[in-house]
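Remarks on the structure that follows.
FYI, it's all coordinate maths here, none of it is from the lab. Everything numeric in this text was worked out from a predicted model, so none of it was measured. Cβ placement follows ideal geometry from the backbone for every residue including glycine, while neighbour counts extend to all protein chains displayed.
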Amino acid sequence: MTTDIKDSVRRFIREELEWSGPDEQLQDDVSLIDAGVIDSLSLLELGHWIGDSYGFKVDDTEMIAANFETLNAIEAFVRRGSQA
């Protein structure tokens, strides 16, 4: 499941957010925000997609950079959310 979450997020970033940068910027521990992969608008889109895809509501208070900084952080966030 670990790889599935990260791979799904990578696909979403590439296909839905139409990001076409280098693969190095989509590594597990790279800051997606600092690398310019996601901005505030795409963070909202990603948050809504995660909630829909993994079956839980992403609260507005959870839409913070710490939960979406890296693919590792996103995976941890999804795991916490899907257990709630």
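Structure data summary
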quantity	calculated
11 Å beta-carbon shell around Leu71, net charge (K/R +1, D/E -1)	-3
Nearest-0.05 FRET efficiency for Asp59 and Leu17, computed from C-beta distance (R0 22 Å)	0.55
Environment charge of Leu32, counting only residues whose C-beta is closer than 10 Å and scoring Lys/Arg +1, Asp/Glu -1	-3
All-pairs alpha carbon distance profile, the chain, 10 Å steps from 0, percent	18, 60, 21, 1
Neighbour cut-off at most 13 other Cβ (10 Å), DSSP loop, GluC sites (Glu not before Pro), the chain	Glu16, Glu18
